[in-house]
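Worksheet for the structure shown next.
Rule-based calculations on the coordinates, nothing more; no lab input. Quick caveat: nothing in here was measured; it's all calculated off a predicted structure. Cβ: placed from backbone, ideal geometry, glycine included. Neighbour counts: every protein chain shown.
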Amino acid sequence: MGRRVKNNVYWVGKVDWELRRFHGDELSTHHGSTYNSYLVKEEKTVLIDTVWAPFSAEFMRELPRDVALDKIDAVVLNHAEVDHSGAAEDLLARIPGVPVYCTPNGVKSLKGHYHKNWNFKPVRTGDTLDIGNGKKLVFIEAAMIHWPDTMFTYLTGDNLLFSNDAFGQHLATDKIFADLVDKPTLWFEDMKYYANIVAPWSRMVDAKLKEIRGMNLPIDMILTSHGACWRGPDVAEVLDKYAQWANGYKENRIVIAYDSMWGGTRAMAEAIAKGIREADSRVELQVLSLSRSDKNDVMTEIFRAKAILIGSPSHNKCALASVGAALEELRGLAFKGKKAAAFGCYGWSGEAQTRLSSILSEIGFDVVDDGIKNLWEPDAEALDRCFEYGRQFALKVR
Ligand code: FEO
């Protein structure tokens, strides 16, 4: 059965307690997720978003407990990605001809996914749908937060912003609201979602936040499409967090991310870390093996950091594959305002460290120096050099 969110608005989504990988195998979801769908039952009945296709049969079994399907007057699809539109195919097969409200890009995406000629009603920012009882749905395009088709839907009277992916987290909870769930997990997952999914589009996020503030819409709740929703003081807090995250976010943290073949580059990483600690007792420091750590957790830690050191031995004139993959990920995520340098061991000609410095610069990091490399296994003297390098690096990025 659906659960009341506010007045005549009900949550009719799915909690996916088991989910551990998302976007194929690209994204780790240690705490599961939810696919939030909402039923608005005013004079008109409107369904906002659905659930992922593997849960479509369950969705279609449960939804009629809340509403006779032939009483649904409209379906709003804020975003075409299949975790939200997945059950629309089964639903619209049962209620053909019901209007589907989405952006013009949503029409293209939905046709691309399902190859159906549904009764699309393309909408733009400011377009409205009168649902009776003095209430309206107001559509707000939100392109690239995080797909070209994304939009938000605002319900007047109840002051609810249906934000789809924005502000959400991959967090399985049956509590619906953020104020009821464990805060450290909530905020870690919310930041992880931003860092790994939304960050490339931070410029659009910043502009959209300003646009929404300029619309002077009272917002009592932000109803996301994943994880917990925001109400009361949490609304302002999550809006403020997004404003910070969209503008070159950094904390007083340094990440040393490396891979190592025989332990030499790892020894360098640890000696550099000791030097950083010697120079700055307050900075948070993470030393992370790129081959042994969760990729998305590493990206989240880098998102929080003010500076990174990337390390790899030279291997076939390149960096190790795990390090190359991390840099490619960072290229796409396009974090802003972070300092960096590179380090690593080599035995022959030592290309990796120079190559890493060059890539770091190319993908938008402020490379503060030439980094440090070491021929063969680091001995005590080499480790002392790494320690001193770490000390100097901490001072440069302080
Ligand atoms: Fe949750 Fe962009 O899909």
Open item on the list: I'm trying to understand the selection: among the residues of the stretch 179-198, which are under 8 Å from the mean Cα position of the chain (by Cα) and either of a type outside the set (Phe, Trp, Tyr) or not in a helix (DSSP H, G or I) (or both)?
Closed with: Asp190, Met191, Lys192, Ala195, Asn196, Ile197, Val198
TODO: Could you look through the stretch 22-60, keep only residues that are closer than 29 Å to Ile95 by Cα, β-branched (Val, Ile, Thr) and within 13 Å of the ligand (Cβ to nearest atom), and pick out the one that is surrounded by the most Cβ atoms within 10 Å (Cβ to Cβ)?
DONE: Thr50
Task: Ile140 surrounded by 22 or more Cβ atoms within 10 Å (Cβ to Cβ), touching a residue at least 60 places away in the same chain (Cβ under 8 Å) and either more than 24 Å from Gly168 (Cα to Cα) or within 15 Å of the ligand (Cβ to nearest atom) (or both) - done: no
Open item on the list: Can you find, within the stretch 342-362, the residue that is surrounded by the most Cβ atoms within 10 Å (Cβ to Cβ) among those that are under 13 Å from Gly324 (Cα atoms) and in contact with a helix residue (DSSP H, G or I) (Cβ under 6 Å, 6 or more places away or on another chain)?
Closed with: Ala342
Task: Evaluation of Ala93 against (1) away from the ligand (no atom under 16 Å from the Cβ); (2) within 30 Å of Asn216 (Cα to Cα) (one fails), failing number - done: (2)
Open item on the list: Being surrounded by fewer than 23 Cβ atoms within 10 Å (Cβ to Cβ), acidic (Asp, Glu) and in contact (Cβ under 8 Å) with a residue 24 or more places away in the chain is true for just one of Asp179, Asp190, Asp149. Which residue is that?
Closed with: Asp179
